[in-house]
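The values are calculated or read from the model by the stated rules, or taken from the named source; none is laboratory data. Since the model is a prediction, treat every value here as computed from it, not as a measurement. Backbone-built Cβ (ideal geometry, glycine too); neighbour counts: all protein chains shown.
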Amino acid sequence: MARYVGPVCRQCRREGEKLFLKGNRCMTDKCSIVRRSYAPGLHGQNRKKVSEYGLQLREKQKLRRIYGLLEAQFENYFALADRKKGITGENLLQILESRLDNVVYRLGFGSSRREARQLVRHGHFLVNGRKVNIPSYLLKAGDTISLKENSLGLPRIKMLLEEIADKSVPEWLELDTNSWTGRVKALPLREQIDIPVQEHLIVELYSR
């Protein structure tokens, strides 16, 4: 599966805000937005008037980068959201939130979506008792996600599990720290998704 392998801090600087692509590093003074809050490149510090199309494009790029998607993947998700009943923008966010790598991140099993994706690819998680190593796997209400027993002793995973105690999971998920099992109680509503994006601008972009 193709993925972006360039410097992720550059993406945050381009969008002008923290996208939390590097997990805990984003909470420190080493964050690129703290050190250089302007866009990357030779003319990054020059102010430009942004057109209506530019605003729509930036919202789309921001959402795509938050979830670590390539352009073709994002377009496929938008098409799926457009076919579903309801509000297209909210459908899109709900689909992206139900990706396995995102749910693993939301449960605290990864410090970032990027790390959660890697852990899923390496086969550390079970979905409903079966091994799933596809980050884009879409979960449904009632699905359970658990760590493989032989993964619990790995140093990095042990460190992540120790940090989970200080975190809270979204209300549409639940986590059992005794068995390290998470469950999707229901697919999230828009007000339960804390993504700083104006999804209606993305719908307008694709409606051109």
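Within this structure, Leu80 passes the test of being within 23 Å of Arg208 (Cα to Cα) and modelled with pLDDT of 95 or more.
Go through region 152-201 residue by residue and tally those that are of a type in the set (Val, Ile, Thr) and either over 17 Å from the mean Cα position of the chain (by Cα) or more than 18 Å from Leu96 (Cα to Cα) (or both).
Start the filter on region 152-201 by keeping residues that are of a type in the set (Val, Ile, Thr), which leaves 157, 164, 169, 177, 181, 184, 193, 195, 197.
Among the residues that remain, those that are also either over 17 Å from the mean Cα position of the chain (by Cα) or more than 18 Å from Leu96 (Cα to Cα) (or both) are: 157, 164, 177, 181.
Selection size over region 152-201: 4.
Checking the conditions here, which among Arg130, Arg156, Arg106 is surrounded by 15 or more Cβ atoms within 10 Å (Cβ to Cβ) and either under 23 Å from Arg65 (Cα atoms) or free of Cβ contacts under 8 Å to residues at least 40 places away in the same chain (or both)? Explain how you work it out, then say what you get.
Working: Arg130 fails: surrounded by 15 or more Cβ atoms within 10 Å (Cβ to Cβ); Arg156 fails: surrounded by 15 or more Cβ atoms within 10 Å (Cβ to Cβ).
After applying the criteria, what remains is Arg106.
From the list Arg190, Arg113, the one residue that fits, being surrounded by fewer than 15 Cβ atoms within 10 Å (Cβ to Cβ), in contact (Cβ under 8 Å) with a residue 60 or more places away in the chain and within 26 Å of Gln61 (Cα to Cα), is Arg190.
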